[in-house]
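**Q** One structure follows; several queries about it will come next.
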Ligand SMILES: [Zn+2]
């Protein structure tokens, strides 16, 4: 089985005190995470943001 990656909102800078976790393959998690932090956390959609999120991915 393919390994899943997790991104945990509690470990991200957020003003919404979000507790969401997103898990799946990296290529599934990253676009969702970007969309999520842009729409919910109010971040700007930049290449740097994607890099930051990528760095926060953890093995499930
Ligand atoms: Zn969140």
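The numbers here are math on the coordinates, done by the rules we state, and not lab data. Note that the structure is predicted; figures quoted are calculated from it, not measured. Neighbour counts are summed over all protein chains in view; Cβ atoms, including those assigned to glycine, are modelled from backbone coordinates with ideal geometry.
**Q** Can you name every residue in the range 32-41 that is in contact (Cβ under 8 Å) with a residue 12 or more places away in the chain and more than 9 Å from the ligand (Cβ to nearest atom)? If you could, list the steps in order and put the result at the bottom.
**A** Of the range 32-41, the ones in contact (Cβ under 8 Å) with a residue 12 or more places away in the chain are 33-34, 36-37, 40-41.
Selection gives 34 alone.
**Q** Yes or no: the range 45-54 includes at least one residue that is more than 14 Å from the ligand (Cβ to nearest atom), in a strand (DSSP E or B) and in contact with a helix residue (DSSP H, G or I) (Cβ under 6 Å, 6 or more places away or on another chain). Before you say what the answer is, go through the steps one by one.
**A** In the first step, residues of the range 45-54 are kept if they are more than 14 Å from the ligand (Cβ to nearest atom); the result is 45-48, 50-51, 54.
Within this subset, residues satisfying the condition of being in a strand (DSSP E or B) are none.
No: the range 45-54 contains no residue that is more than 14 Å from the ligand (Cβ to nearest atom), in a strand (DSSP E or B) and in contact with a helix residue (DSSP H, G or I) (Cβ under 6 Å, 6 or more places away or on another chain).
**Q** Can I ask one more? Of all residues in the range 1-31, which are within 13 Å of the ligand (Cβ to nearest atom), part of a helix (DSSP H, G or I) and surrounded by 15 or more Cβ atoms within 10 Å (Cβ to Cβ)?
**A** Scanning the range 1-31 gives 9, 29.
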